[in-house]
Amino acid sequence: MLRPWQNDCIETAVKKFSIGNKHFLTQATPGAGKTLMAATLTRRLFESNSIDIVVCFSPSKEISDNIKDSFSSVLACEFDGKIGSVGCSITYQSMRFLPPTFWSTLAKHRVFCVFDEIHHCGGDNQENSNSWGQSLLTEVQAAAKYTLALTGTPWRSNLTPVTLASYTDPEGQIVCDYQYSLAQAVQDKVCRKPKIVLVDCHHSVVSGSETRDSYRSMSELIEKGKVSYSLIIQNVDALTHILSQAVNRLQKIRRTNKNAGGLIVASSVEHAKYIDKILREDFNQSTSLVTYREQNAQDLINQFRKSNTEWIVSVGMVSEGTDIPRLQVCCHLSNVKTELYFRQILGRILRTTPCANQEAWFYTFAEPNLNRFAEEIENDIPETCMYIKVKQDLSDYTDVLANEVNAPFSSQGIPTVSKQNLLWKSDRSELSTHNLNTYDSTEVILNRFKQRVIEAFRYV
């Protein structure tokens, strides 16, 4: 049975297509059910004899497989692109490898193209488009009769335009054909009310060979002490504290929801391994460690989804589009500090279940940017994320695995700590807190932790 917003969105899209509009952009909060809506809209278009074929594009193999399963179920047929199938689900990455015959064949039919997480495709012309956006602007638009774009976060971190989107001029605000906000989803009990915990410290000390400076907060430590955020998420005391808070919260939830789970988003594979070790050995938690290095990573995610394991620890494998409804607690300990990624990670714990307890707790450190993102969570499209008409970096996506190359660990994979067991030492210059010549003698001590809880949509 469809939710009211899904029915409303479908009717709006059908009406717009019927009066000559070719493209339809839907912004719906993560966890709202965009895929089911898209599959049902596709069925309507088939039933009205408006299309012959549907092709779905998405940013990852996991999302592509989920779309394939959903469309196959709703359309009651195979969805693998083979004889007898009415369509297929492929990734954006594969578009550049499709032969010209693929597009020329599609052009002979009435094709409906669905673009999931459209914000991965950037640019509105040949000069500012990334490779995925360029394919959409050329081959896809030429072949498609109708297009449907889906996103929960309709902007790009580099502030280039989202491909196929329209913007107000001169404000640069994206124009959506249909919007279903997180506030609406919370009110409809489609999504949980998130509580964001910003972990800070009353007192921190940075000491070098000749200096010793104290700071009253993490923001002050980062801005005035010039300590990188990487050092904070690697500080053993800070890690132990934030993990203890998250573990205690999950245990409270599991008293009611015995199957509830938690997610840790780490900064590197070695970071993930060390966090996994802390959870198992210090807090006696059951864990599943999933990184890109495991050949069966997708199988491990699927196993966790159906299991009773308490925590899944990863780097970038469990983020956008990954559906694990039993997740209710998350620790964001990644080096990636963009509002886009922040909201995508938060979205992993928002999908409601039939269970009695529907709390959603999101833990991170009180870094200045993360503070701001948390404060703006009730605004679905922040003003800071508008399209800016200047030349930008056109990378295809934020590479959340980039930090794995420079992991702050020894060759044996064991973190080297100071004699006070407070700081991970590193032979990597980017982890220096002051300069390239003094990093070995620099120590950061964090203590007297405090926390600020932002309870979003309290009055919804």
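The values are calculated or read from the model by the stated rules, or taken from the named source; none is laboratory data. Not measured: the values here are computed from a predicted model. Every residue, glycine among them, receives a Cβ derived from its backbone with ideal geometry; neighbour counts consider all protein chains shown.
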Inset, instruction - Among residues belonging to the range 1-20 that are touching a residue at least 60 places away in the same chain (Cβ under 8 Å) and out of contact with any strand residue (DSSP E or B) (no Cβ under 7 Å at 6 or more places or on another chain), point out the one that is surrounded by the most Cβ atoms within 10 Å (Cβ to Cβ). - result: 3
Legend entry - Selection count, the range 311-367, where residues are closer than 22 Å to residue 200 by Cα, within 15 Å of the chain's Cα centre (by Cα) and part of a loop (DSSP other than H, G, I, E, B): 6
Inset, instruction - Could you grab the pairs with beta carbons closer than 6 Å, sequence gap of 6+ or different chains, first residue in the range 213-234 and in the same structural domain as residue 199 (by TED's automatic domain parsing), second one buried (at least 16 other Cβ atoms within 10 Å of the Cβ) and in a helix (DSSP H, G or I)? - result: 215/221; 227/221; 230/431; 232/238
Inset, instruction - Could you pull out the residue among 234, 184 that is buried (at least 16 other Cβ atoms within 10 Å of the Cβ) and farther than 26 Å from residue 264 by Cα? - result: 184
Inset, instruction - Look at the range 292-320 and say how many of its residues are among the hydroxyl-bearing types (Ser, Thr, Tyr) and out of contact with any strand residue (DSSP E or B) (no Cβ under 6 Å at 6 or more places or on another chain). - result: 3
Inset, instruction - Pull up the range 93-124, narrow it to residues that are in a helix (DSSP H, G or I) and in contact with a Ser or Thr (Cβ under 7 Å, 6 or more places away or on another chain), then point me to the one that is farthest from residue 53 (Cα to Cα). - result: 119
Inset, instruction - Only residues in the range 55-84 that are not assigned by TED's automatic domain parsing to the domain that holds residue 143 count as the first member; pair them with residues that are at pLDDT below 95, Cβ under 8 angstrom, at least 6 apart or cross-chain, and list the lot. - result: none
Inset, instruction - Considering only residues that are surrounded by 21 or more Cβ atoms within 10 Å (Cβ to Cβ) and under 22 Å from residue 363 (Cα atoms), look in the range 201-214 and name the one that is modelled with the highest pLDDT. - result: 201
Inset, instruction - Looking only at the range 270-288, decide whether some residue is under 15 Å from residue 326 (Cα atoms), crowded, with 22+ Cβ neighbours inside 10 Å and touching a helix residue (DSSP H, G or I) at 6+ places or on another chain (Cβ under 8 Å). - result: no
Legend entry - Considering residues of the range 304-329 that are of a type in the set (Val, Ile, Thr) and at pLDDT below 95 only, the residue surrounded by the most Cβ atoms within 10 Å (Cβ to Cβ): 315
Inset, instruction - Please determine, by comparing only the residues of the range 356-396 that are of a type in the set (Gly, Ala, Ser) and modelled with pLDDT of 90 or more, which one is farthest from residue 239 (Cα to Cα). - result: 356
Inset, instruction - Inspect all residues belonging to the range 24-42 and state whether any of them is over 30 Å from residue 192 (Cβ atoms), touching a strand residue (DSSP E or B) at 6+ places or on another chain (Cβ under 6 Å) and in contact (Cβ under 8 Å) with a residue 60 or more places away in the chain. - result: no
Legend entry - Residues (more than 21 Å from residue 10 (Cα to Cα) and buried (at least 17 other Cβ atoms within 10 Å of the Cβ)) located in the range 103-116: 103, 106
Inset, instruction - Residue by residue through the range 36-95, note down the ones that are charged (D, E, K, R) and farther than 15 Å from residue 106 by Cβ. - result: 43, 44, 47, 61, 62, 65, 68, 69, 78, 80, 82
